[in-house]
Amino acid sequence: MIGYGRQSISQEDIEAVVEVLNSDFLTQGPAVEAFELALTEKCQSKHALAVCNGTAALHLACLALEIGKDDHVWVSAISFVASANAARYCGAYVDFVDISPENGLISIEALKEKLAEADKNGILPKALVVVHLAGQSCDMQAIQTLCLKYDIKIIEDACHALGGTYKNAPVGKCQFSDITVFSFHPVKPITSGEGGALLTNDDSIAHKARILANHGIVRDCDSFQTQSHGPWYYEMQELGFNYRLTDIQAALGLSQLKRLDMFTDRRRLLANMYSEALATSSIPVKPLTQASNQCSAYHLFIVRQSSKLDNKSLFQSLHDHGIGCQLHYMPIFMHPYYSQEGYPVLSGAMDFYTTALSLPLFPDMTEETMQKVLNALAACCR
Ligand SMILES: *Cc1c(COP(=O)(O)O)cnc(C)c1O
């Protein structure tokens, strides 16, 4: 079975991990710091905090923005559940914004209308989580313009989008948002096994997130609330978590980050080849429409199909041909945990759900493999 995505591990990656295993520190050593620095350089952000996974980074993002009980947080309707769960961990109400079915990204029109309606009802959200689905950047400037009007914080869930650009700047620069979050799960643009990061240009957000990622413990004597009892002294000032990344993972992440450009180039090349092959074939599937103000990292190659088969049948038929396509994603509001709250069914998200499929795409994918996928698609749609 050809999976929809997989990691690419080099000899250098292996050696970087072995080096940490032979060193003094398996966690909280120099590799995490080096990884964080490399992330800020790559993404042109002021701060980066490496943590144990993308979900933890999202949770810390909500905590650092002081989202709590009775706050409202809006989330793009098509994403992995973690995008919404982070706000729920803080006790906030979650609501969903519809997407544009041609690219799966938050619909600026839907957001605008929903904000006007919420403003009328006097229940505006404290934060908005936008999702750079498949590696394409959302239209951040338009989103920021809308959010500034109502003083709403913006979190970019860029778990798919490391390596992508928006208006010629790297995703993660946080030019039009408060925080950007990445994941380093093996299917994502680079991997550290499990891992994630929170990027921001705001000193106070960075400081808060860093303390909360380490139990809420403060070691800087200038920030102590009571007088130090001695050299061993540290203070836990609020209820934090152990969301740290290990040095073993950071070494892998850092080594992978060095090859990010190569990975991204390869993904883009393969995506172009797919697009050209599909455009010149009679296969009734179309890639997502790419906005011209961004350049996708192509974490996923999502197509929308208009074959005689419904999505379930085409999915099954492709699997029968050995093609492990996936579906990213069922709208979050359809998961029982959320649907029992009676969220409205959003039509753009439903349209996307019933037509979108992710075809295999990963840096080590060969042209021969792509041809197999295309042949299988042609056979299934015939
Ligand atoms: C993978 C992913 C996450 C969660 O990241 P983990 O590292 O698996 O915790 C969150 N949001 C999106 C959009 C993702 O794809």
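The values are calculated or read from the model by the stated rules, or taken from the named source; none is laboratory data. As the structure is a computational prediction, the values presented were derived from the model and not from experiment. Here the Cβ is made from the backbone with ideal geometry for all residues, glycine too, and neighbour counts use every protein chain on show. For the accessible areas, the whole protein counts, side chains as well, though only heavy atoms, and no ligand, DNA or RNA atoms are used. Shrake-Rupley method; radii C 1.70, N 1.55, O 1.52, S 1.80 Å.
Restricting attention to segment 342-355, does a residue exist that is in a loop (DSSP other than H, G, I, E, B), within 15 Å of F301 (Cα to Cα) and among the β-branched types (V, I, T)? Yes. Name every residue in segment 207-232 that is aromatic (F, W, Y) and touching a helix residue (DSSP H, G or I) at 6+ places or on another chain (Cβ under 8 Å), in order of residue number. If the condition is that a residue be aromatic (F, W, Y) and touching a helix residue (DSSP H, G or I) at 6+ places or on another chain (Cβ under 8 Å), then no residue fits.
Among the conditions (1) closer than 29 Å to Y234 by Cβ; (2) within 12 Å of the ligand (Cβ to nearest atom); (3) of a type in the set (V, I, T), the only one that V187 does not satisfy is (1). For segment 295-317, the set of residues classified as among the aliphatic types (A, V, I, L, M) and either surrounded by fewer than 16 Cβ atoms within 10 Å (Cβ to Cβ) or assigned to a loop (DSSP other than H, G, I, E, B) (or both) consists of A297, L300, L309, listed by residue number.
Listed here are the residues, each with its yes/no results for (1) surrounded by fewer than 20 Cβ atoms within 10 Å (Cβ to Cβ); (2) hydroxyl-bearing (S, T, Y).
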site: R266; (1), (2): yes, no
site: S281; (1), (2): yes, yes
site: G324; (1), (2): yes, no
site: E341; (1), (2): yes, no
site: V373; (1), (2): no, no
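Within segment 75-95, if we keep just the residues that are closer than 27 Å to S292 by Cβ and open to solvent by less than 10 Å² (accessible area, probe 1.4 Å), the residue that is farthest from the ligand (Cβ to nearest atom) turns out to be A77.
When residues in segment 184-237 are screened for being assigned to a loop (DSSP other than H, G, I, E, B) and touching a residue at least 24 places away in the same chain (Cβ under 8 Å), 18 of them pass. Within segment 148-169, the residues that satisfy the criterion of being buried (at least 24 other Cβ atoms within 10 Å of the Cβ) and more than 10 Å from the ligand (Cβ to nearest atom) are I155, E156, L162, G163, G164, Y166. For the structure I just gave you, tell me whether E33 is more than 16 Å from the ligand (Cβ to nearest atom) and farther than 27 Å from A134 by Cβ. The answer is yes for E33. If you go through segment 38-57 and keep only what is under 22 Å from R259 (Cβ atoms) and assigned to a helix (DSSP H, G or I), you end up with A38, L39, T40, E41, K42, C43, G54, A57. When the residues of segment 192-204 are narrowed to those that are more than 13 Å from the chain's Cα centre (by Cα) and more than 20 Å from C138 (Cα to Cα), which ends up nearest to the ligand (Cβ to nearest atom)? Ranking the qualifying residues of segment 192-204, first place goes to E194.
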